Amino acid sequence: MKLGIIKERKNPPDRRVVLSPAACEKLLKIYPELSIKVESSNNRFFTDEDYENIGLEVVNDVSDCDVLLGVKEVPINDLIPNKKYFFFSHTYKKQSYNRKLLNAILSKNIELYDHEVIVNKKGTRLVAFGRYAGIVGAYNGFRTYGLKYDLFKIPKAEELHDQLMLIHELQKIKLPNIKVVLTGKGRVGNGAKEMLKGMRMREVNVSEFLSKTFNEPVFVQIDVLDYNKRIDGKIINEQDFFKNPTKYESDFMRFAKVADMYIACHFYGDDSPFIFTREDAKSKDFNIRVVADISCDIDGPVASTIRPSTIAEPIYGYNPLTEEEDYFRKENVIAVMAVDNLPCELPKDASEGFGENFVKKVIPAFFNEDKDGILQRAKMTENGKLTERFSYLQDYVDGKE
């Protein structure tokens, strides 16, 4: 089998890659029958020379490869017909902006395997960049806090080499006795927590966070039943929340009254209560003035996130009274960091971590006849049609949704 690592062509440029040189080297030792070609690129964190140094062929044409590996969407004009592709297509949730891409994939008889739907039998994702979104998002949150209050300035994450350098910068800063609330206990939330722990911030429990004052900065990591409650007052369990989200309402205001900064790393499901609304943000009791929204659902559960921000311009302000964008340094304006492609700022670590899981959990399926069904579950298209698992996308493809 011949793998091709393709050049990322989407703008703005993405410096990540599915397989780092070290991951390629490891694969070739495990599977001597495998060959890997690398499409030349001047955007990658890992250079053409890095791949050539381990003996890989760097080329301008990967059309002779069986499977093509990328990160972001491949522009329609660059899709090679009759190939197997792996990349984030951003189509499985019926994203309207990529309908034409999915139609092109079907018309060009491409087998698409979307990284986002590579799951095990229980539906748990096997490869993801979420941890790195959490790492960079937490760093950006504290950078935003420093700029909001003119307390300190630290470099942009993209200017630093790896996570250790980000932590090193955070260890230098002097924070006032603020309280930070963090929602989410998945990959993203735990990535953010790594940074809080790395900067030696003290973690407290919910009761302490809500009732005590501290002479040092502290944080609390909360889960869905901490910031949501059943409307009828019953206390059941998380599964009940996920099965019956409409029976719940937000209980986040008890945290918003005492927190200074909010790092949002939750997964937001359909019909779940908004975490805080525009009306909540207007309240005199709403104390939060810095929001690092790593989840970045626009006009959704975090009312201050009215648009995504960019790596170039990561911060904007949300004025709760006007419900409009405003200068983030104004006293009553919430400073919002809502970059929607955070792992791009940490391309080395993100590529290495993603590649490690891809080597361990996905590549073996090519050589063991896909005995665990990993490839079959992730295959969105085949023979110019949607596969059965993704047949729900037909109306989307036809432009009816």
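No value in this document is a laboratory result; all are computed from the given coordinates. Given the structure is predicted, the values throughout are model-derived calculations rather than measurements. Note that we place each Cβ from the backbone using ideal geometry, even for glycine, and neighbour counts take in every protein chain shown.
Cα to Cα, under 17 Å, and not fewer than 8 places away if on the same chain: which aspartates and glutamates meet these conditions relative to Lys385?
Answer for Lys385, where 17 Å is the Cα cut-off: Glu111, Asp114, Asp395, Asp398, listed by chain and number.
Counting only Cα atoms, I'd like the Rg/Rh figure for segment 130-345, Kirkwood definition for Rh. Show your work: numbers first, answer last.
Working: Rg = 16.2 Å, Rh = 17.2 Å.
When Rh is taken as the Kirkwood radius, the ratio is 0.94.
What aspartates and glutamates does Lys156 reach when the alpha-carbon gap must be under 12 Å and sequence neighbours fewer than 8 apart in one chain are set aside?
Glu169, Glu313, Glu345
Give me the extension gain from Leu321 to Thr277: residue separation times 0.36 nm, minus the current Cα-Cα distance, reported in nm with one decimal.
That works out to 14.6 nm of additional length.
Among the listed pairs Lys84/Lys108; Lys247/Lys282; Lys2/Lys360; Lys172/Lys193; Lys193/Lys282; Lys122/Lys185, which are separated by more than 21 Å between their Cα atoms? Present the calculation step by step, with values, prior to reporting the outcome.
Numbers: Lys84/Lys108 11 Å; Lys247/Lys282 25 Å; Lys2/Lys360 18 Å; Lys172/Lys193 18 Å; Lys193/Lys282 29 Å; Lys122/Lys185 18 Å.
Lys247/Lys282; Lys193/Lys282, as the Cα separations exceed 21 Å there.
Under unit Cβ charges (Lys, Arg +1; Asp, Glu -1), what dipole magnitude, rounded to 20 debye, does the chain have relative to its Cα centre?
Using Cβ point charges on Lys, Arg, Asp and Glu, the chain gives about 740 debye.
Testing the spin-label approximation: label points 7 Å from Cα along Cα→Cβ at Lys100 and Leu34. State their distance in nm.
In this crude label model, Lys100 to Leu34 measures out at 3.5 nm.
Hey, what did the chain get for relative contact order, percent, Cα under 8 Å, at least 6 apart? Don't skip to the answer; put the middle values down first.
Working: 803 pairs, mean separation 75.1, N = 401.
The value is 19 percent.
I'd like to know which of His161, Ser207, Tyr51 lies farthest towards the positive end of the charge dipole of the chain, counting +1 on Cβ of Lys and Arg and -1 on Cβ of Asp and Glu.
Sorting the options by dipole projection puts first Ser207.
For segment 289-322 and segment 108-162, what is the centre-to-centre distance using only Cα atoms, to the nearest Å?
About 16 Å separates the Cα centre of segment 289-322 from the one of segment 108-162.
Ranked from highest to lowest mean number of other Cβ atoms within 10 Å per residue, what is the order of the peptides 71-78, 388-395?
Details: 71-78: 16.0, 388-395: 14.0.
So the peptides 71-78, 388-395, ranked by packing, come out 71-78, 388-395.
Most exposed first by the Cβ proxy, i.e. fewest other Cβ within 10 Å, how do Met165, Met201 rank? Kindly include the intermediate steps, with their values, before the conclusion.
On the way: Met165 15, Met201 19.
Final ranking by Cβ density, sparse to dense: Met165, Met201.
Restricting attention to the alpha-carbon atoms of segment 83-214, what are Rg (one decimal) and Dmax (integer), both in Å?
19.8, 62
Against the 2.2 N^0.38 Å scaling, with N counting residues, where does the chain land? I'd like the Cα-based Rg ratio to two decimal places.
On the way: Rg = 22.4 Å, N = 401, 2.2 N^0.38 = 21.5 Å.
Against the compact-globule rule of thumb, the ratio is 1.04.
Please give the contour-minus-distance gain from Thr246 to Ile54: 0.36 nm per residue of separation, less the Cα-Cα distance, rounded to one decimal in nm.
That works out to 63.7 nm of additional length.
Which shape class applies to segment 257-328: rounded if a/c is under 1.5, otherwise prolate when a/b exceeds b/c and oblate if not, where a ≥ b ≥ c are the square roots of the Cα gyration tensor eigenvalues?
Because its axes are fairly even, with a/c under 1.5, segment 257-328 counts as rounded.
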